[in-house]
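Beneath this line is the structure, given in structure tokens, with notes to follow.
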Amino acid sequence: INLEGQIYDFTNLENTLGVIYIVRDPRNIITSLKNHFFLKSYDEAFEMMIDKKRWIGTSKGRIPEALSSWDQHYNSWSFFPKNYILFKYEELLSDPKKQINRLIKYLQKFIKININENKIDKIISNSKFSNFKNLEDQGLFNEKAIHPETKEEKSFFYLGPENNYLKLLDFKTKDKIENFFKETMVKLNYL
């Protein structure tokens, strides 16, 4: 990838063993984007979600990260031809035990993992949104958003499982997302 005159290596079959991809319903992502990037409106967040050329981390000393649009990002990884596994965020919340077992089975192709029901229950307990939010509140998580000009801080762990587009989005925004991303949302059974 050539970004601002600097060449960056990117994932390929030689340097990547596999892909673990977590996808989330874009109708719920928009709220997180609006919060995390200090956007003024859902319209502004929607423009970010559809921007196929969106990058972050391009300032000096940071690692650039291609965000792309929601559907292009998902589709680009879904075609990775080697050791690809997809997790839906919503299924991680609704049936974490099943999803952890899927992950373990996937990882056991590459490493030995000793696991039992007690360990899985501990993983689920330790991975609760409230635990991560608490760690962030204690200053033990460095991903919080900081406005570049005002230095205002916003929590990374914002709404989590309470981020429900049915309660938060107006019809216009919901409809716009569904129309724009319809093909990919149907493929993922979001529509």
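Assorted remarks:
- Scanning segment 46-67 for residues that are on the phi > 0 side of the Ramachandran plot and open to solvent by less than 40 Å² (accessible area, probe 1.4 Å) yields one hit, GLY57.
- Within segment 74-91, tally of residues that are polar (S, T, N, Q), touching a residue at least 40 places away in the same chain (Cβ under 8 Å) and closer than 25 Å to SER32 by Cβ: 2
- Within segment 80-107, if we keep just the residues that are of a type in the set (Phe, Trp, Tyr) and part of a helix (DSSP H, G or I), the residue that is farthest from LEU188 (Cα to Cα) turns out to be TYR106.
- LEU33 fulfils the conditions (1) assigned to a helix (DSSP H, G or I); (2) more than 24 Å from GLU149 (Cα to Cα); (3) in contact with a helix residue (DSSP H, G or I) (Cβ under 7 Å, 6 or more places away or on another chain) except for a single criterion, (2).
- Applying the criterion of being closer than 26 Å to MET48 by Cα, touching an Asp or Glu at 6+ places or on another chain (Cβ under 9 Å) and of a type in the set (D, E, K, R) to the residues of segment 87-98, the residue that is most open to solvent (accessible area, probe 1.4 Å) is GLU90.
- Residue in segment 68-86 that is open to solvent by 70 Å² or more (accessible area, probe 1.4 Å) and of a type in the set (A, V, I, L, M) present: no
- Count of segment 99-111 residues which are open to solvent by 100 Å² or more (accessible area, probe 1.4 Å) and modelled with pLDDT of 95 or more: 1
- Members of segment 110-169 that are touching a strand residue (DSSP E or B) at 6+ places or on another chain (Cβ under 8 Å) and under 18 Å from LEU92 (Cβ atoms): PHE156
- Members of segment 119-164 found to be among the hydroxyl-bearing types (Ser, Thr, Tyr), open to solvent by less than 60 Å² (accessible area, probe 1.4 Å) and under 20 Å from PHE38 (Cβ atoms), listed by number: SER155
- Residue ID - nearest to ILE20 (Cα to Cα), chosen from residues in segment 92-148 that are aromatic (Phe, Trp, Tyr) and either touching a Ser or Thr at 6+ places or on another chain (Cβ under 7 Å) or touching a residue at least 24 places away in the same chain (Cβ under 8 Å) (or both): TYR106
The values are calculated or read from the model by the stated rules, or taken from the named source; none is laboratory data. Remember, predicted model here, so these are calculated numbers, not experimental data. Don't worry about glycine lacking a Cβ; one is built from the backbone with ideal geometry, like all the others, and counts go over all protein chains shown. Ligands, DNA and RNA are excluded from the accessible area calculation, which covers all protein heavy atoms including side chains. Shrake-Rupley method; radii C 1.70, N 1.55, O 1.52, S 1.80 Å.
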